[in-house]
Structure formats: structure tokens, C-alpha cells
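Engineer: Mind having a look at this structure? Questions to follow.
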């Protein structure tokens, strides 16, 4: 059964230096507060996995927590490029960043394979692109039934997956609705999982389109109201589009990024 | 007739490509604007599919990202991301894929990954593939929207993120790509279509006021021009009014 923990305790116990960490959420339900806690606890040399490394991974990369990134699309959605990501790739600042690059279909299937206890996933994908030349773990496999050549990608098995959800009950059963992305697969693929939630409730009322992660499949749940900001939580908050626009200017320059980090992420350290 | 910008003409021309009662895989930005314009004008039953898992989204304002809450709120179904790629895109259920590009070559191969230098030390690092490689592989056909310039229309893309016709006729079949590939490219200058024989993108239509010389000057290879080159219709007052009302909703949300 999932343990109910504070965010600081959950990150301290479940996210370790050198871990493979997946933080998922497809525009919706991005676990920003947990990302900030990882920055405050100064985790180093993480391999971060995420289909759409956006502003949250830009912050973790700029803060020097990340040595390797496994991803399929890295940008500021609807705004443009990620400047900290670019600076790390192009100038190794603050530390060199190694990339393992895929497509969305490939990443989604890698999580499915991990959640399914399989060593790899099969799909029609990547064929004819330059991605397999640079990403050695995109390979081919012949179908044993038809002989057709298909693409194989290895399962993702993160050490820990971190996601944000609407709510959980006291047994740690987690309820997610709206755009649920790849969170279920990412949690089930991982060895450990931490779910931050808007609230803990006595009873989970069913919601159309919901995904429920049973408490016995989750390691820890931490109540963090507003934990997806500036992303959003359907039914609780709306996306702070102004912040995504503002991030472009904040992150463009190393000094303004560092000031922002000190003021808005590390300052909270003193209060916690 | 109302004045309009080159971007408005491009968006209207792209919207006109979409037929009613078809399913369209929509990326954010210009493709999403064009698809929503089509749905609000001549194609009310156009099915908009967003890679966030929203099938049949009917937003009454422009979404600001592919995971905008308005998409989930108005969709026929919201499915997981593995499902949207595996059950809906991969088997060829989506008629049209709508893509943008940072670089494009004469065979409609697209780069959205790196420009200049080499892969590990690029001059410019772009966002990468996202859903595009499999959209380009599996949709019935692909429509590309891109502003035409020597920077975007290049002899050779620096990185093949999504395959068009590869290096020419027969390549898609050889690679086992089951969708039809990039039939149409809409730019701010006109419309290019893949020649069925050579697979080469060929200028078939200019927007009003545009010239072949302008198009050639904005293309990094010797541009093929159709013998039946025509001039498209300017945006109608209705198309412009709907497009501007949609754009205004984007500002209102902020």
C-alpha cells in the first residue's frame, strides 16, 4: 500500500543521485513541485526520461541535476525552444548533457513494454529517418509469423517515476482524469513511484474517463496542492500560459535563470 | 475585399486542403489553426485528433498546446498516449497528417531535429521528432505548412526526422511506409504538390500577387513548376473573419 509522505520526504527517500527518473505529464499534470524539490535536494547525475521535456526539465538541466536525457520532443510548448536545454547541448553548461533521442510512438511503446514486463516493444516506426543512426537502441526485428521487418525499442524501466494527479484516498489509491498521457505506463514501468496529488480524500468519487492507480502499485503519495503549476490540473487549476511565455526570457540568459532559480525554487528551501 | 497577410493566406490555403468527414492528426501552431478554421467553415465534421490523446476535439477557441484542457473537455474520447499512437495512428485510421518543418527538401523529407554542425555538436538544436516520424509514415496523406525561404527549402535536409519520399520514386514502398506521404506543401507563396511520377515537390499554385520568380528565389533547389500553374483564390471575407476571431481567442486566454 502506498505510503502518505511529505514531498520533501518522498523525494529524499525515492529519488537518488545517478537514478533513472521519469517525470511524465503531457502538458497536463506536469509534476513541477516535485521537480523543484529535486533541485532543492541537489540531486546529481540523473538520467531524466520524458516524452516532452519542457520547462520542468529545462529547470532541472539548468540547475545541474542531469547528465543524460532520454526524450522525444524538447521544447516550450506553443512558445519555442528551451534555452537551458540548448545551452547544455551546445555549450555543456552547467554540465555536459548526453542525449538519447526517440519519437513519441517509440517512447510510449517503451513505457508499455516496461509496464508489461517485456524486454522490448515492437512498432512500425522510425523507418527511413536518421534517428536509428544516432540512437543505437532503435533496432529492427523480423516478425516470426509474416517475416515483415519491424522496429524494436528496449523497455523503459525507470528507477523512479514521478507524476502529479488530481487526488488520492488514504490507502494511496490515485485518481487521474482529463489528458492522462502515459502516466499509468510510466508508473507501472518503474521500480519505485512517487505521486503528488492536489488533495487526499476519504473516498474517490468516480469521474468519467478516469484512470485509477491502485495504492498497492504506487510507492508513495504526497499531497501538494498546486503541484503542477505552471502546468494545470483538470478540475483544480488552469494552465499559467503567461509563465510559459515569460520562461522564454527568464531562461535565455544564464544569470537571469540563476536569479529566478534562487528566488523561486531555492528560496522556498529556507521556508520548507 | 479585406486586406490580409501572407500568413493568413497560408493558413486559409491549408484549411481549404482539409475535406469534411475526414480525420486529421493535428500539430500545434499553424496546423492547429488551419484545422480549426476548416472545422469552423467548410468542414464542420472534420475529426481533429491531437497526440495528447484527444480524439474528435471540438474547441471553440484555439488551443495553446496539444494538451490544452479545452481539447479534453470537447473530445469524443480521451485516450492514453500509447493508445493514440498504437490503435489510431499506426493502423492507418487517420486520413491526413498535418506537419510543420524547420527544413524541407524536394522530396518532402522533413527536419525538426538539428541544423548545421553535426548531430552531437549542432549549430542549432531544435525540439526533435515528437509524433512526426510516425505521422509522416502512417497517415493516408501528409500536408506540410511551412514558410518558404532558402533557410527552410534546402537541397538536402541536415537530418531526416520524418520521411517524405526519401530519395525518390519507390522509396516509401521499399521502406514499408504505408501512408501516402506528403502530397501537398502549403507556403506563404503558394502550393506545391508531389509529382506522381517523380515524387518531386512541384509548384502548382501561387497565392494572389505571388510570382514564380519569388518562389524560385525562396527555394534551395531548381524548383519544378507545373505546366498547369494556377493562381489561388484570396481569402474570402468569411474565412478571414473566422480566422481572426479564432486568433483573438488565443489572446483572450492570456
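The values are calculated or read from the model by the stated rules, or taken from the named source; none is laboratory data. What you are looking at is a predicted structure, and each value in this text was computed from that prediction instead of being measured. Note: ideal-geometry Cβ built from the backbone for every residue, glycine included; neighbour counts use all protein chains shown.
Engineer: Among (1) touching a residue at least 40 places away in the same chain (Cβ under 8 Å); (2) crowded, with 22+ Cβ neighbours inside 10 Å, there is one condition residue A:93 misses while meeting the rest; what is its number?
Structural biologist: Among (1) touching a residue at least 40 places away in the same chain (Cβ under 8 Å); (2) crowded, with 22+ Cβ neighbours inside 10 Å, residue A:93 violates only (2).
Engineer: So which of A:12, A:34, A:8 is outside any strand (DSSP E or B), modelled with pLDDT of 95 or more and under 14 Å from the mean Cα position of the chain (by Cα)?
Structural biologist: A:34
Engineer: On to the next question. Among the residues of the range A:66-84, what is the count of those that are buried (at least 24 other Cβ atoms within 10 Å of the Cβ), free of Cβ contacts under 8 Å to residues at least 40 places away in the same chain and assigned to a loop (DSSP other than H, G, I, E, B)?
Structural biologist: 3
Engineer: Additional query: Which of the residues that make up the range B:117-137 are more than 8 Å from chain A (Cβ to nearest Cβ) and in contact (Cβ under 8 Å) with a residue 12 or more places away in the chain?
Structural biologist: B:135, B:136, listed by residue number.
Yes or no, residue by residue, for (1) more than 9 Å from every other protein chain (Cβ to nearest Cβ); (2) modelled with pLDDT under 95; (3) touching a helix residue (DSSP H, G or I) at 6+ places or on another chain (Cβ under 9 Å); (4) closer than 16 Å to residue B:27 by Cβ:
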residue	(1), (2), (3), (4)
B:139	yes, no, yes, yes
B:146	yes, no, yes, yes
B:151	yes, no, no, no
B:161	no, no, yes, yes
B:167	yes, no, no, no
B:173	yes, no, no, no
B:181	yes, no, yes, no
B:187	yes, no, yes, no
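Engineer: Between B:229, B:192, which is surrounded by fewer than 16 Cβ atoms within 10 Å (Cβ to Cβ), in a strand (DSSP E or B) and in contact with a strand residue (DSSP E or B) (Cβ under 7 Å, 6 or more places away or on another chain)?
Structural biologist: Working: B:192 fails: surrounded by fewer than 16 Cβ atoms within 10 Å (Cβ to Cβ).
Matching residue, one of B:229, B:192: B:229.
Engineer: Looking at residue A:255 and the list (1) touching a helix residue (DSSP H, G or I) at 6+ places or on another chain (Cβ under 9 Å); (2) away from chain B (no Cβ under 14 Å); (3) closer than 26 Å to residue A:83 by Cβ, which single condition is not satisfied?
Structural biologist: Tallying (1) touching a helix residue (DSSP H, G or I) at 6+ places or on another chain (Cβ under 9 Å); (2) away from chain B (no Cβ under 14 Å); (3) closer than 26 Å to residue A:83 by Cβ, residue A:255 fails exactly one: (1).
Engineer: What tally of residues in the range A:205-248 results from selecting those that are assigned to a strand (DSSP E or B) and at pLDDT below 95?
Structural biologist: The number of residues fulfilling the criteria is 0.
Engineer: Sort out for me the helices (runs of 4 or more DSSP H) sitting completely within the range B:1-106 that have 2 or more residues that are surrounded by fewer than 20 Cβ atoms within 10 Å (Cβ to Cβ) and more than 13 Å from chain A (Cβ to nearest Cβ).
Structural biologist: Correct list: B:6-16.
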